[in-house]
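Report on one structure; see the data block that follows.
The values are calculated or read from the model by the stated rules, or taken from the named source; none is laboratory data. A quick note: this is a predicted structure, and the numbers were derived from the prediction, not measured. FYI the Cβ positions are ideal-geometry reconstructions off the backbone, even for glycines, and counts take in every protein chain you see.
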Amino acid sequence: MLEAFQQYIREHDLLGETDRVLLAVSGGLDSMVMLHLFRAAGYTVGVAHGNFGLRGGESEGDEAFVESYCRKHALPFYSKRFDTKNYAESHKLSVQMAARELRYAWFNDLLLEGHYHWLATAHHLNDNVETVLLRWSHGSGLDQLTGIPRKNDRIIRPLLFASREEIAAFARSAGIAWREDTSNLATNYQRNFMRHEVIPKLKEINPSLEATFSLSLEKLEGAYELMRRGLEQLRDSMTRWEGKNLVVDKPLLLLLQNPGYILYAWLREYGFEYERCKQMAAAAADGQTGTRFLSVSHMAVLDRETILIAPRDREEYHDVLVEDWQDKAALGPWVMHFRQLKGSEISKDPGLATVDYSKVRFPLLWRKWKPGDSFVPLGMKGSKKVSDFLIDEQVSLADKGRVTVLLSGEDIVWVAGHRIADRFKVTPQTRTVLAMRLEAHK
């Protein structure tokens, strides 16, 4: 077992020979074997034991057992008692999830305070089997069916190569003592039900289930790697960034066999669930335009040739009055700057709008544009609806929601960031210019 343990660490580059490792030790079979192996391999270790107070005297006995072992072998020992049930109730979590949050937050603190490089947990091959079967039963995708990662962030799991039976046999042969957790025998938890009811039935079909499953996980890891790289290539060829917005080429997406899943793979990081991505793909296939799909943080909009994914504005757009003396105002995600300049010079800066100061009447009103808004754009003679103007300017549906207008009385002076109204333009007769610049909040 020791040789296999060391080989597994080397093969998967889990840690360096001189790295300091914090071991999560409950006192049970798996963690005590892990502690024995790390000591036998000569690593510098510390031991962390969390007492969650869920099993009365058993919890107290576990803590005393691990502490006694560490004292005997002169190992750094860290323990902490948690009020798990109250934490679970106050945070509306299951007891299992509450215990997980509490212990990993504490482990992170210990890693920093003790200058440890890694946290090692004693997950083994059977844990992997149970985890994958549970995820499969809950409808997880391929990325979740590759099992518990050997290494992620600062957590390593160096026993994933060994089955529970192999670990138990080694413990008996090496004379390693451990504590039994009677809650592991209950079947009211999903994992225990899988362990005691489902897996024994599967082993009737395949007595070598763990070994076979280990090979299957290797194949799934390879398949997932291929899928991930393929999705990245598809994303590179079918999407582009326009500022903060991700733009998906709709016709190319619809050539794929399962566009809903492809969208999900790309958009899940923006909070879009699989069912919502399927609906999005179906709407795109039906030729819908203007349809919007929302996640907590983002909005997806179906346009004629694209699907545009944009961050949702968290700011509120309250109408703003701008007085003659103000040099700036804020609305939603925008800041508008104002300056009065003598003369009739027209700015050549495309980011700066200039109008005849004498033609505007204060206070000006700055607000989001509305469907009925219209104005005569600079250089034109006829009135145009703002909605049509934005279409002509090829403003995306998502960006339309961020467009604002500045009004003098009932008249639009400026579709902010786009075009001033012709009636307010600077002429040779202008004596004072009002210059305006629109910027996003920094």
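Of note:
- Residue list for segment 237-249, restricted to those being acidic (Asp, Glu) and either in a loop (DSSP other than H, G, I, E, B) or modelled with pLDDT under 95 (or both): GLU242
- For segment 285-326, a tally of residues being in contact with a Lys or Arg (Cβ under 8 Å, 6 or more places away or on another chain) and polar (S, T, N, Q) returns 4.
- Count - residues of segment 103-116 that are assigned to a loop (DSSP other than H, G, I, E, B) and either small (Gly, Ala, Ser) or not assigned by TED's automatic domain parsing to the domain that holds SER31 (or both): 1
- As a summary of the residue check, LYS151 satisfies the conditions (1) more than 26 Å from HIS36 (Cβ to Cβ); (2) surrounded by fewer than 17 Cβ atoms within 10 Å (Cβ to Cβ); (3) under 33 Å from the mean Cα position of the chain (by Cα) except for the one numbered (1).
- Boolean, TYR270 is out of contact with any His (no Cβ under 7 Å at 6 or more places or on another chain), outside the structural domain of GLN429 (by TED's automatic domain parsing) and either closer than 24 Å to PRO363 by Cβ or aromatic (Phe, Trp, Tyr) (or both): no
- Criterion (modelled with pLDDT of 90 or more, surrounded by 13 or more Cβ atoms within 10 Å (Cβ to Cβ) and farther than 17 Å from ASP127 by Cβ) met by exactly one of ARG157, ARG164, ARG179: ARG179
- All positions within segment 59-86 that are over 18 Å from ARG100 (Cβ atoms), touching a residue at least 24 places away in the same chain (Cβ under 8 Å) and exposed (fewer than 15 other Cβ atoms within 10 Å of the Cβ): GLY61, HIS73
- Segment 242-264 - residue that is without any contact (Cβ under 8 Å) to a residue 12 or more places away in the chain and polar (S, T, N, Q) and, of those, farthest from ALA281 (Cα to Cα): GLN257
- Elements of type helices (runs of 4 or more DSSP H) in segment 133-224, at least 1 residues being over 28 Å from LEU54 (Cβ atoms): 164-174, 199-205
- Residues that are aromatic (Phe, Trp, Tyr) and touching a residue at least 60 places away in the same chain (Cβ under 8 Å) within segment 94-135 comprise PHE107, TYR116, TRP118, listed in sequence order.
- Count - residues of segment 117-136 that are under 10 Å from SER163 (Cα atoms) and within 24 Å of the chain's Cα centre (by Cα): 1
- Of all the residues in segment 332-360, those that are in contact with a Phe, Trp or Tyr (Cβ under 7 Å, 6 or more places away or on another chain) and in a loop (DSSP other than H, G, I, E, B) number 2.
- Test: residue in segment 375-386 that is in the same structural domain as ASP327 (by TED's automatic domain parsing), surrounded by 12 or more Cβ atoms within 10 Å (Cβ to Cβ) and within 18 Å of VAL322 (Cβ to Cβ): yes
Residues are listed down the side, and each one gets a yes or a no for (1) closer than 26 Å to VAL395 by Cα; (2) among the aliphatic types (A, V, I, L, M):
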{"site": "GLU225", "(1), (2)": "no, no"}
{"site": "LEU231", "(1), (2)": "no, yes"}
{"site": "PRO259", "(1), (2)": "yes, no"}
{"site": "GLN279", "(1), (2)": "yes, no"}
{"site": "ARG292", "(1), (2)": "yes, no"}
